[in-house]
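Okay, so here's the structure we're looking at.
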Amino acid sequence: MIIRAKTKDLFHGRPLSAKQRENSRLNLEELQAGHTVLRSMPRRLVLELTNACNLNCMMCGRNAATFQPTVFQLDWLRYFEPILDTVEEVTLMGWGEPTIHKDFVQMLELIHQHDARIYFCTNGMQLSQLENAIFDNQVDVFAVSVDGAKAETNARIRRGSDLNKIVESLRRIKQRQRTSGLSYPYVNFVFCAMKSNLHELPDLVHLAADIGLEEVKVVYLTAFDSILSQESLWDCRTEVEAVFQEAAELGESLGVTLKLPYLQGEDPAGEALHRDCFVTWRDFFLGSDGMVRPCMSTPVQFFAFDMNRPFEDMWNDTHFQQYRAQVNTFRMDEPCRRCYQSSHCNWNQKRSFLQMEETFAPAWSKVEA
Ligand SMILES: C[S@@+](CC[C@H](N)C(=O)[O-])C[C@H]1O[C@@H](n2cnc3c(N)ncnc32)[C@H](O)[C@@H]1O
Ligand code: SF4
Ligand code: SF4
């Protein structure tokens, strides 16, 4: 099966409660009507646990930005507890590596006491230590970023990563899932496609099938500096199409879902600056610097998170209202005009691939909680 990246939809896993279903219904209705003040809660919380990392991947925006390491506070998660039975999902993702947060397991435990599904995106290097926590806390889904089917390719791009170690951890997790007869966790590889690794995608599909992973998701490299721009696939449509075709056929025969970005020129967004953007209706994003942002892929900071403010008040803050009113109109702000967020950008636009000399992330100056 080939699917495109999610836009309105979130991961479908274990069934939602009546309360979650009702909130999601209302949220979608309000989105459809274009309301800027919402009665519904978000459908997911996206929490960046830290912008620090145990790897140093060559394409990561962390390298092209100046920042101080920042850390999400456990108390901030406690603040969200009253809505953790209403939102569909808590996504632990942002810049940085969530699993190196010292309270990562405690956070899984806290979320597990509620109905929200748990999703995180990891570089996979800590998975061997996390196996029990994944099963004990019924992690619904996690993504593991690997950028080659060969260990050398992966390690050249993802400096400090060890593909063999990651594969070994994943085999153990999938084996335990099978022997326990569990439907979770759903696991996918995320592959950042660029000139020097594109040809390894079919082998990665083989590897995923061999381990028993459900999905391989491909994202195009967005280049944040001129050296990386040489790796960009914006001018390789023919090669990309051939490799995607081969990978899709393999996925079909091996039972691995392929999630692919649109080919350049075929994005249904046409000439638009970005696809219709739903994030400020669907998601509440809190960065590890304590700043609320519209999404992960923008330098825009709305306001400082304030535990003394009721959630509903922050969710309908004037910044959110203004974004909801403008993001899909010609009045959208400058970073949205060159959106590179993989689910919402328009892959017909060269600037979705190339963001050199652009301010693509906040300065991450520390805000005291
Ligand atoms: C910033 S990482 C954070 C989570 C975790 N550290 C990881 O690597 O999965 C989130 C995703 O962004 C991808 N990514 C990093 N730099 C990118 C770039 N320049 N273009 C496209 N995707 C990128 C990573 O490969 C990863 O799948
Ligand atoms: S592991 Fe993730 S956050 Fe860390 S450097 Fe690589 S892409 Fe960036
Ligand atoms: S940068 Fe893209 S995904 Fe983020 S709010 Fe703007 S249009 Fe939406």
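The values are calculated or read from the model by the stated rules, or taken from the named source; none is laboratory data. Bear in mind that the values here come from a model prediction, so they are computed numbers and not experimental data. Cβ sites come from the backbone with ideal geometry, for glycine too, and all protein chains shown count toward neighbours.
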Task: Near pairs, Cβ below 6 angstrom, 6+ apart or cross-chain, from the range 74-97 (within 16 Å of ligand 1 (Cβ to nearest atom)) to any residue that is part of a helix (DSSP H, G or I) - done: VAL90/ILE111; LEU92/PRO98; TRP95/ARG62
TODO: Within the range 127-159, track down each residue that is within 16 Å of ligand 1 (Cβ to nearest atom), part of a loop (DSSP other than H, G, I, E, B) and out of contact with any Phe, Trp or Tyr (no Cβ under 8 Å at 6 or more places or on another chain).
DONE: GLY148, ALA149, ARG158, ARG159
Task: ARG21 being more than 16 Å from ligand 3 (Cβ to nearest atom), at pLDDT 95 or above, outside any loop (DSSP other than H, G, I, E, B) and among the basic types (Lys, Arg) - done: yes
Task: Selection within the range 9-29 - over 21 Å from GLU312 (Cα atoms) and free of Cβ contacts under 8 Å to residues at least 60 places away in the same chain - done: ASP9, HIS12, PRO15
Open item on the list: Criterion first (buried (at least 18 other Cβ atoms within 10 Å of the Cβ) and either within 12 Å of ligand 3 (Cβ to nearest atom) or more than 26 Å from ILE100 (Cβ to Cβ) (or both)) does PHE320 satisfy it?
Closed with: yes
- [ ] Taking the residues in the range 63-78 that are at pLDDT below 95 and either in a loop (DSSP other than H, G, I, E, B) or more than 20 Å from the chain's Cα centre (by Cα) (or both) as candidates, determine which candidate is nearest to ARG158 (Cα to Cα).
- [x] ALA65
Task: For VAL300: the one exception among (1) within 13 Å of ligand 3 (Cβ to nearest atom); (2) modelled with pLDDT of 95 or more; (3) surrounded by fewer than 20 Cβ atoms within 10 Å (Cβ to Cβ) - done: (2)
Task: Residue under evaluation THR91, criteria (1) touching a helix residue (DSSP H, G or I) at 6+ places or on another chain (Cβ under 7 Å); (2) at pLDDT 95 or above; (3) not in a helix (DSSP H, G or I), criterion not met - done: (1)
Task: Residue that is farthest from THR70 (Cα to Cα), among those in the range 296-311 that are touching a residue at least 60 places away in the same chain (Cβ under 8 Å) and away from ligand 2 (no atom under 16 Å from the Cβ) - done: PHE311
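Which one of these is touching a residue at least 40 places away in the same chain (Cβ under 8 Å) and crowded, with 19+ Cβ neighbours inside 10 Å: ASN63, ASN51?
Details: ASN63 fails: crowded, with 19+ Cβ neighbours inside 10 Å.
Just a single option satisfies the conditions, and that option is ASN51.
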